[in-house]
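As structure tokens, the structure follows; a few thoughts come after it.
The values are calculated or read from the model by the stated rules, or taken from the named source; none is laboratory data. Note that the structure is a prediction, hence the values are computed from the model and not measured. In this analysis, Cβ positions are derived from the backbone assuming ideal geometry, glycine residues included, and neighbour counts consider all displayed protein chains. Side chains are part of the model used for accessible areas, which takes the heavy atoms of the whole protein and leaves out ligands, DNA and RNA. Shrake-Rupley method; radii C 1.70, N 1.55, O 1.52, S 1.80 Å.
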Amino acid sequence: MKSAASFVLLFAFALSGVASQHYLAYSRSKIVGGTPADDAEYPSQVSLRALGSHSCGATIISESWILTAAHCVQGLLPSFLAVHAGSNHLITNGTTHDVIRFIKHPGFNFSDFASEDIAVAEVYPPFVFSEAAQPVQLPAQDAETPAGSAAVVVGWGFVDVNGPVSPSLLEVDQIVRSYQECYDIYSVDVPITQAQICADVPEGGKGVCSGDSGGPLYVDGQIVGIVSWSANGCAAQGFPGVFTRVASYRDWITENTGV
């Protein structure tokens, strides 16, 4: 078992025009290696804005609801948040939607990396679906994602551990790890649960970074994970990104959104 010395929840706020990481670690201690996504290739992916600047990713699940990570809305009021949809570009094109309320999982604890890093948010005006804005396919409750599955993660997060954010949506291929592999890597420091899923590439150097939090991990076009945290910087070899396992919360999503 490895000891992962430092951990980071993967969201970023742009303050005075400069993106800065917000760390939450045991010790208080852009998609990396990605390529540009084609226009409208991931129409469910949206940018969650805090005080006007990109802070997290999120995913459209219906005309009025998005899915994201709980730590992306922690400590904020809905009036601080907005969603930019229908564009691969952070600044141009697309539509803007106010967040009118959000619901965090009641089990989420900002100082605890264990699990339940999931939230839903209602937007207004509702999304008008088009080629560039579509709801994602959700898994069934407790559906399994086999280890070794080919996955894709997308986002506008830091292109390197020190930034900056990417102005255009990036994608990177990942491979889903088994629960046991993920547990063996992190269990010295963090209690990995069955409600989480891990993914990376064996050689490292490709994966999620700050600003990617809340965004989707796709397998065969279905969202199976929500970007939550990483260890030892971003895309470090041997330390897979950790995602909230959406299938563990499918019933919770329905209970709170009707979706």
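For the reader, a short list of remarks on this structure follows.
- ³J(HN,Hα), Karplus 6.51/-1.76/1.60, whole Hz, each residue of segment 196-204, x for Gly, Pro: 10, 9, 10, 7, 6, 10, x, 7, x
- Each residue was assigned an accessible area with a 1.4 Å probe, and for E116 the value is about 50 Å².
- Rounded accessible area of Y183 (nearest 10 Å², 1.4 Å probe): 90
- Taking all Cα-Cα distances within segment 97-225, those exceeding 24 Å account for 36%.
- Percent accessible area from carbon and sulfur atoms, segment 186-251, protein chains only, probe 1.4 Å: 47
- Dividing the Cα radius of gyration of segment 38-101 by 2.2 N^0.38 Å, with N the residue count, gives 1.04.
- Approximating the spin labels as points 7 Å out from Cα along Cα→Cβ, the E255-to-V201 distance works out to 3.9 nm.
- Using the 1.4 Å probe convention, the accessible area of the chain works out to 40 Å² per residue with neighbouring protein chains retained.
- 3J(HN,Hα) along segment 221-232: x, 9, 7, 10, x, 10, 4, 10, 7, 9, 10, 6 Hz, from the Karplus curve 6.51 cos²θ - 1.76 cosθ + 1.60 with θ = phi - 60°, whole Hz, x for Gly and Pro.
- 10 Å-binned pair-distance histogram of segment 59-161 (Cα, whole percent): 12, 38, 38, 12, 0
- The average projected area of segment 168-220, computed from the convex hull of its Cα atoms over all directions, is 4.7 nm².
- Dimensionless Rg ratio for the chain, taking C-alpha atoms and the 2.2 N^0.38 Å reference: 0.89
- For segment 40-51, Karplus couplings with θ = phi - 60° (6.51, -1.76, 1.60), whole Hz, Gly/Pro x: 6, 6, 10, x, 8, 7, 9, 9, 8, 9, 10, 6
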